[in-house]
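The structure appears right after this line, and notes come after that.
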Amino acid sequence: MATTSAALPQPARTRRVRRNMQPYLYLLPAFIVMGIITFYPLLFQVWMSFHDFGLKNFRTVNPVPAPFIGLDNYIRIAESQLQIPNFEFPRLVLFNIWWAFSNVVVHVVFGVLVAVVLNTKGLMFRGIYRALFILPVVIPSIIVATVWRNMFDPDAGAVNFLLQGIGGLVGIAADNPLFHLNWLRQSNDPIPFIPLPLAYFAMITANTWLGWPLNAVVATGALQSIPGDLYEAAEMDGASAWQKFRTVTIPFLRPAMLPYAIYGFVITFNLFFLPYFMTSGEPFGRTEILVTQAYRLAQERQLYGVAAAFSVYLFFLLLLITLITNRLAKATKSYAD
Amino acid sequence: MTTIATPRRMPFVSRAFARARGGDERRMPVGRQIVMQVICIFILLTVLFPIIWIFSMSIDPRNISRPDALNLIPQGASLQAYAKVLDHPTNNPISFLGLMANSLKIALASSVIAVAIGVTAAYAFSRLRFRGRESLMIAILGVLMLPSVAVIIPLYVFINQFKIDFAGLSFNLRASLVGVSLAVISGQLPFAIWNLKGYLDTIPKDLEEAAAVDGASQNQIFLRVVLPLAVPAVAVTAFLGFLGGWTEYLTAFMFIGGNPNDWTLSIALNSMVGGFARTTTWSEFAAFAILFALPVSVVFFFFQRYLVGGLAVGGVKG
């Protein structure tokens, strides 16, 4: 449109103004709501993080103003100087990153393998398997986590019963201590040179049960987009099954799986359910992750100011992770396309 | 899905058989087929193991506090654990239906409101050009990335100061289902906007352009053309939101944990495991978990084709 609004007659001009305003009218309801219940609290959180903010500062009867303490909350967190047991900030962050990373690797590998198996030509009952393998996804996570907590119970859990059953088949007595593992509480590490508690392995088992099916769905979609003649061409060149997988399947899977793996990393990094409902951070807070620790700081300890500083740390960690993964995605994109 | 090139005339039985065979022209050698079936059945068993376990526990009639072995169908299986949890799931007087009503209120209120105000914003982001579009979208994506814990702690402090006096009712906004619903909306709205925008982006613009040529206003285009086309995405987003509200724990426990009459299903469920649950028998826990999961899981299972896509791109927020 070449005519400026000034040159237009009056009614057209107001119509134009109204047209310019219209996008904002469509956005208004969402942004009013988000402004009040999302953006304002987030800013308020930053303010809280610089204050010694506790229950007495926001109780409904006679609240007192919170004293400004600068960066004290941040420093106390970084130096692990909080008045709560078993809190070590560097260990918490490292465990959180390792937890997310190890899960994603296991889920992607397992999901791709199952997708490849299900995609084999001529497999019988494929539809039934596809339908049933999705079951872990449809069950709400809180139920998955609480059920697995009971499954890993030392005396009455299904996992130990199952181990006893398998042990019975090969002639090991059911009272062997190997079949009475205290999965979620045992304090000494199962593998001597790896500083991960037994509860971590229980958690990754439960989370793999929960996490691989969606990876298989994504991988299946990618597998079906591979043109069949590529495999035929590879066969004609005398490629083995492994060579076909490496040179045809993997390059086609990568553009679909990588974004999903990155997304899975962020989701698992913030996965509240398993550490909270399954292990409650046991043993000695070693399976705690950042989000569960932040929740406990506020919910159980009423350290609202500290929890706010904790959330700010969490925000910057996530930002850093996003920047790194974006670079990763870009670096491999040129290869994939 | 492999394309099943079955002729229409083929009788049902042989068609089902063709499907079972995988429907491919190429057959698999029998030995390989057996190996593959063993692998698939093993995976199936690992998938089903916890589900079968919880089910057989729920029909255990012995009223013992802990199971003592793996029983597929316990002797004298009965539904008495279901009857018990329907009537009186926790030590508090509230019944299962009462808990369900509270969860339902949160789920319905939050998903309906988030989708209703999310869809207009999604439309603006998808179709309209305006100043600040990019940065507003980044703000929404940024909030979407944040775990809900990061928002609810300040939100808790913020809404604790509102005392509501309305129609003879007087309550603290924070300690009410309304407060929980607000917190849930805060988590769901960015997802609703983003998910709906993603869907709207895939709808071709031809229809809207045709409507614009016919002189339809922006509002008419939105209400009469775009909205009807977006119904599937609205339904999917609303269901995923409903699922989030139905199972919400963090805010519910933080905001109303002190008042058992407002408890939701998820708070009650967590009070039935671990250290809180010395008096709860596991068959009751199992029956409760099944009653809690069943309504949403059945819907999810039958509509998974439409839902898994949305879930794979960001439906769950921890």
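The values are calculated or read from the model by the stated rules, or taken from the named source; none is laboratory data. Being a predicted model, the structure only gives us computed values, none of them experimental. When we count neighbours, we look across all protein chains shown, and the Cβ atoms used for this are built from the backbone with ideal geometry, even at glycine. Just the protein is used for accessible areas: all its heavy atoms, side chains included, with ligands, DNA and RNA removed. Shrake-Rupley method; radii C 1.70, N 1.55, O 1.52, S 1.80 Å.
The spacing between the stretch A:30-44 and the stretch B:239-303, judged by their C-alpha centroids, is 28 Å.
Dimensions of the stretch A:123-203 along the principal axes, based on C-alpha atoms and rounded to the nearest Å, stand at 43, 32, 27, largest first. Placing +1 on the Cβ of every Lys and Arg and -1 on the Cβ of every Asp and Glu, with no other charges, gives the stretch B:68-150 a dipole of roughly 600 debye about its Cα centre.
When the alpha carbon gyration tensor of the stretch B:121-201 is reduced to an equivalent ellipsoid, its three semi-axes come out at 31, 14, 11 angstrom, largest first.
Answer rounded, prolate or oblate for the protein assembly as shown, using the Cα gyration tensor with square roots of eigenvalues a ≥ b ≥ c: rounded when a/c is under 1.5, else prolate when a/b is larger than b/c, else oblate.
Working: a/c = 1.57, a/b = 1.08, b/c = 1.45.
Since a/c reaches 1.5 but b/c is at least a/b, the shape of the protein assembly as shown is classed as oblate.
Annotation: the stretch B:152-275 has a Kirkwood hydrodynamic radius of 17.4 angstrom, from the mean reciprocal C-alpha pair distance.
Rounded to the nearest whole Å², what accessible area per residue is found for the stretch A:87-336 with the 1.4 Å probe?
Working: 10570 Å² over 250 residues.
So the stretch A:87-336 comes to 42 Å² accessible per residue, rounded to a whole number.
The trypsin sites (Lys or Arg not before Pro) found in the stretch A:18-125 that occupy coil by DSSP, while having at most 12 further C-beta atoms within 10 Å, are A:ARG59. Simple spin-label model, 7 Å along Cα-to-Cβ: B:ALA139 to A:GLN81 in nm? Modelled inter-label distance: 3.7 nm.
Counting only other chain Cβ atoms within 10 Å of each residue's Cβ, the peptide B:44-53 averages 6.
Peptide A:203-210 is shielded by partner chain Cβ atoms: per residue, an average of 1 of them sit within 10 Å of its Cβ.
Note on the protein assembly as shown: with neighbouring protein chains present and a 1.4 Å probe, carbon and sulfur make up 67 percent of its accessible heavy-atom surface.
Against the compact-protein benchmark of 2.2 N^0.38 Å, the Cα-based radius of gyration of chain A scales to 1.33.
List the DSSP H helices in chain A whose Cα atoms stretch 24 Å or more along the helix axis and whose mean Kyte-Doolittle hydropathy is at least 1.0.
Numbers: long enough: A:10-34 (36 Å, -0.26); A:89-118 (43 Å, 1.91); A:198-224 (39 Å, 0.94); A:250-269 (27 Å, 1.31); A:304-336 (47 Å, 1.19).
Taking the DSSP H segments of chain A (at least 24 Å long, mean hydropathy at least 1.0), we get A:89-118, A:250-269, A:304-336.
With θ taken as phi - 60° and the Karplus curve 6.51 cos²θ - 1.76 cosθ + 1.60 applied, the whole-hertz 3J(HN,Hα) list for the stretch A:58-71 is 9, 5, 6, 9, 6, x, 9, x, 7, x, 6, 10, x, 8 Hz, x standing for glycine and proline.
Add -39500 (n - 2.57) for each DSSP H run of 4 or more in chain A, then divide by its residues: what number comes out at 222 nm, to the nearest 500 deg cm²/dmol? Display every interim value, and only then the final one.
Values: 14 runs with 210 residues, N = 337.
It lands at -20500 deg cm²/dmol.
Given axes a ≥ b ≥ c from the Cα gyration tensor, I'd like to know whether the stretch B:60-120 is rounded (a/c under 1.5), prolate (a/b larger than b/c) or oblate. Because a/c hits 1.5 or more and a/b exceeds b/c, the stretch B:60-120 counts as prolate. Near A:LYS244, which aspartates and glutamates are there with a Cα under 18 Å away, not counting those fewer than 8 places off in the same chain? Leaving aside aspartates and glutamates fewer than 8 places away in the same chain, those within reach of A:LYS244 are A:ASP229, A:GLU232, A:GLU235. Annotation for the stretch A:132-198 versus the stretch B:107-182: alpha-carbon center distance of 40 Å. Loop sites here are GluC sites (Glu not before Pro) outside DSSP states H, G, I, E and B with no more than 11 other Cβ atoms within 10 Å. The longest part of chain A free of them is A:80-299.
Listed by chain and number, the aspartates and glutamates whose C-alpha is less than 13 Å from the C-alpha of B:LYS205, apart from same-chain residues fewer than 8 away, amount to an empty set.
Based on the mean of other Cβ atoms within 10 Å per residue, sort peptides A:238-247, A:61-70, A:262-271 so the most packed one is first.
Details: A:238-247: 12.0, A:61-70: 10.4, A:262-271: 21.0.
Ranking the peptides A:238-247, A:61-70, A:262-271 by packing returns A:262-271, A:238-247, A:61-70.
Multiplying each eigenvalue of the alpha-carbon gyration tensor of the stretch A:260-337 by 5 and taking the square root yields semi-axes of 30, 15, 8 Å, largest first, rounded to whole angstroms.
Per-residue Cβ counts within 10 Å, from other chains only, averaged over A:211-223: what number is that? Could the numbers behind the result be given before it?
Values: counts 0, 3, 3, 5, 1, 1, 5, 4, 0, 1, 2, 0, 0.
Mean partner-chain Cβ count within 10 Å for A:211-223: 2.
Going 7 Å from the Cα of A:ARG246 in the Cα-to-Cβ direction, what parts of the stretch A:109-139 have a backbone nitrogen less than 20 Å from that spot? Residues passing the 20 Å test: A:109-110, A:112-114, A:116-117. Here the Debye sum runs over all C-alpha atoms of the stretch A:219-273 as equal scatterers in vacuum, and log10 of I(q)/I(0) at q = 0.17, 0.22, 0.26 Å⁻¹ comes out as -0.61, -0.81, -0.98.
Taking the Cα of B:VAL38, stepping 7 Å toward and past its beta carbon, and measuring to each backbone N in the stretch A:81-119: which are under 20 Å? It comes to A:113-119, nothing else.
Under a 1.4 Å probe, what is the accessible area of chain B per residue, stated in Å²? Could you put the intermediate results ahead of the total?
Working: 15230 Å² over 318 residues.
Dividing the accessible area of chain B by its residue count gives 48 Å².
In this rough spin-label picture, where each label sits 7 Å from Cα along the Cβ direction, the B:THR46-A:VAL93 distance is 3.4 nm.
The calculated FRET efficiency for B:ALA69 paired with A:ARG254, based on their beta-carbon distance and R0 = 45 Å, is about 0.45. A crude spin-label estimate for the pair B:ALA235 and A:ALA331, with each label 7 Å from Cα along the Cβ direction, gives 4.5 nm. Rounded, prolate or oblate: pick one for the stretch B:96-312, where a ≥ b ≥ c are the square roots of the eigenvalues of its C-alpha gyration tensor, a/c under 1.5 means rounded, and failing that, prolate if a/b is larger than b/c, else oblate. Prolate is the answer for the stretch B:96-312, as a/c is 1.5 or above and a/b outweighs b/c. Packing, as the average of other Cβ atoms within 10 Å across residues, places the peptides B:140-150, B:181-191, A:32-42 in the order B:181-191, B:140-150, A:32-42, highest first.
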